[in-house]
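The values are calculated or read from the model by the stated rules, or taken from the named source; none is laboratory data. Just so you know, these numbers come straight off a predicted model, no measurement behind them. Please note: Cβ atoms are built from the backbone with ideal geometry, for glycine as well, and neighbour counts cover all protein chains shown.
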Amino acid sequence: MWFVFALLSAVFAALTSILAKIGIEGVNSNLATAIRTVVVVFLSWGMVFLTNAQTGLGEISRRSWLFLILSGLATGASWLCYYHALQMGEASKVVPIDKLSVVITLIMAFVFLHEKFTTKSLVGCILITAGTLVMVL
């Protein structure tokens with residue numbers, strides 16, 4: 001089932017890029033990011049209440065709070081940079097570079113989470129990087 005959700009994530013991420021590129025025309029990229037963020041906040045909290053997940057708030061450890069907050073800060077920084085790049089560049093060039101996050105994530109997962117970095121992972125990273133360069137150049 002994770003594969004279905006991962007595939008849906010990719011589809012929605014693609015829609016995000018296209019819709020953002022159209023919507024950001026004539027709008028400050030920081031303002032556009034803030035508008036997007038408000039929508040995400042309402043959607044996320046709506047799902048929390050719809051699924052009755054708010055009852056778990058008190059069970060979250062300090063460590064989890066810290067890393068969720070840091071993750072939120074990283075997300076915000078990513079979105080601000082992404083929207084600014086989209087405003088200045090072509091979506092067909094910005095998006096592949098943004099997707100280098102896959103390669104960076106694999107490297108960070110190896111270094112910080114001590115996940116296995118296999119030959120298959122290495123070949124995938126090389127192909128993603130090469131593909132990105134081909135698309136951007």
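Tabulated data for the structure shown
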item: Near pairs, Cβ below 6 angstrom, 6+ apart or cross-chain, from segment 35-57 (aliphatic (A, V, I, L, M)) to any residue that is exposed (fewer than 12 other Cβ atoms within 10 Å of the Cβ); result: 48/54
item: Residues being part of a loop (DSSP other than H, G, I, E, B), hydrophobic (A, V, I, L, M, F, W, C) and closer than 30 Å to residue 27 by Cβ - total across segment 98-137; result: 2
item: Options 117, 112: the member that is within 27 Å of residue 134 (Cβ to Cβ) and not assigned by TED's automatic domain parsing to the domain that holds residue 28; result: 117
item: Test set (1) more than 26 Å from residue 137 (Cβ to Cβ); (2) touching an Asp or Glu at 6+ places or on another chain (Cβ under 7 Å); (3) not charged (D, E, K, R) - residue 72 fails condition number; result: (2)
item: Odd one out for residue 74, checked against (1) touching a helix residue (DSSP H, G or I) at 6+ places or on another chain (Cβ under 9 Å); (2) under 30 Å from residue 24 (Cβ atoms); (3) among the aliphatic types (A, V, I, L, M); result: (1)
item: Yes/no for residue 117 being at pLDDT below 95, among the hydrophobic types (A, V, I, L, M, F, W, C) and over 22 Å from residue 14 (Cβ atoms); result: yes
item: Residue 73 being within 23 Å of residue 113 (Cβ to Cβ), loosely packed, with under 11 Cβ neighbours inside 10 Å and either modelled with pLDDT of 95 or more or not charged (D, E, K, R) (or both); result: yes
item: Positions within segment 16-58 being among the hydrophobic types (A, V, I, L, M, F, W, C) and more than 19 Å from residue 83 (Cβ to Cβ), in sequence order; result: 45, 47, 48, 49, 50, 53, 57
item: Meets criteria (of a type in the set (A, V, I, L, M, F, W, C), more than 16 Å from the chain's Cα centre (by Cα) and surrounded by 13 or more Cβ atoms within 10 Å (Cβ to Cβ)) for residue 112; result: no
item: Unmet requirement for residue 106, which otherwise passes all of (1) surrounded by fewer than 11 Cβ atoms within 10 Å (Cβ to Cβ); (2) more than 19 Å from residue 15 (Cα to Cα); (3) not basic (Lys, Arg); result: (1)
